1. If the reach is capped at under 17 angstrom between alpha carbons, list the aspartates and glutamates near LYS106, excluding any in the same chain fewer than eight residues apart.
2. Using just the alpha carbons, could you tell me how many Å³ per residue the convex hull of the stretch 43-83 encloses?
3. Can you compute the modelled spin-label distance between ASP108 and LYS88, with each label point 7 Å from Cα toward Cβ, in nm?
4. Mind listing the phi-derived Karplus ³J(HN,Hα) values for the stretch 111-122, rounded to whole Hz, using 6.51, -1.76 and 1.60 with θ = phi - 60°, and x for any glycine or proline?
5. Do you know the relative contact order of the chain, to the nearest whole percent, from alpha carbon pairs under 8 angstrom that are 6+ apart?
6. Determine the equivalent ellipsoid of the chain by diagonalising the alpha-carbon gyration tensor, then write out the semi-axes as square roots of 5 times the eigenvalues, largest first, rounded to whole Å.
7. To the nearest 0.05, what FRET efficiency results for ILE73 and PHE36 with a Förster distance of 35 Å applied to their C-beta separation?
8. Placing unit charges on C-beta atoms (Lys and Arg positive, Asp and Glu negative, everything else neutral), compute the dipole magnitude of the chain about its Cα centre in debye, rounded to 20.
Amino acid sequence: MRLNSPFRAENGFTVLELLIVVSIACIMAPISFLTFSRLSDAQSMRQFAEEVRETISEAQMEAITESTPITIIFNTDQHFFLVSKRNKTVKKAMDPRIKLYSNVNKSDILISRIGSFSKPGTYTFSMNTIRYNLVLLLGQGRFYIDKAKW
C-alpha cells in the first residue's frame with residue numbers, strides 16, 4: 001500500500017530543486033530585459049533614421065517641383081521636428097530619448113529651390129549608445145544616413 005502512495009519521493013521536486021530553478025530565472029530575467037530594451041532602441045533609431053531620410057527626400061522633390069525653399073527644423077527639447085515651406089508647416093513627433101548633435105551651429109536644414117542644401121554638415125542623432133549620422137554634402141543635394149560606430 002505504501003508503494004502505490006501518491007506522495008512518494010520520486011513523484012515531485014524537492015524544495016532545493018525548486019529554489020535552484022527560481023534563482024536561475026531571477027538571474028536571467030534582467031539580462032533578457034536589457035537585451036530586449038537594446039533591440040527596441042535599435043529599432044526605434046532605425047525607424048527614425050528612415051523617417052528623416054524620407055522627409056529630406058520628399059522635401060527636396062517638393063522644393064524642386066514647387067520652386068520654393070523648404071526648411072527642416074529639429075527641436076529635441078520639445079521632441080518634434082518641423083518641415084516648413086511658404087505658408088505650410090508639418091510637425092512630426094520624435095522619441096523623447098533621441099538627442100541631436102551637430103557640427104553646424106543650427107539644428108535646421110535649409111533646402112533650396114533646386115534641392116540642394118544651404119550648408120554642408122553632419123547631424124548626429126543618438127539614443128543611449130546607438131548613433132546615426134546624417135551627412136549633408138555640397139552640390140546637387142546629396143546626403144546619406146549611416147549608423148555611427150563608437
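Computed from the coordinates by the stated procedures, all read-outs in this text should not be read as laboratory data. Predicted, not measured: the structure shown is a model, and the values here were computed from it. FYI the Cβ positions are ideal-geometry reconstructions off the backbone, even for glycines, and counts take in every protein chain you see.
1. Leaving aside aspartates and glutamates fewer than 8 places away in the same chain, those within reach of LYS106 are ASP77.
2. On the way: hull volume 2.0 nm³, N = 41.
Normalising the Cα hull of the stretch 43-83 by residue number yields 49 Å³.
3. Between ASP108 and LYS88, the label points sit 1.9 nm apart.
4. Rounded to whole hertz, the list is 9, 6, 5, 9, x, 9, 8, 6, 9, x, x, 10.
5. Numbers: 209 pairs, mean separation 25.0, N = 150.
RCO, the chain: 17 percent.
6. Gyration-tensor ellipsoid for the chain: 56, 15, 12 Å.
7. Values: r = 33 Å, r/R0 = 0.95.
Taking R0 as 35 Å, the efficiency between ILE73 and PHE36 is 0.55.
8. Working: 19 positive and 13 negative charges, 60 e Å.
The dipole of the chain has a size of about 280 debye.
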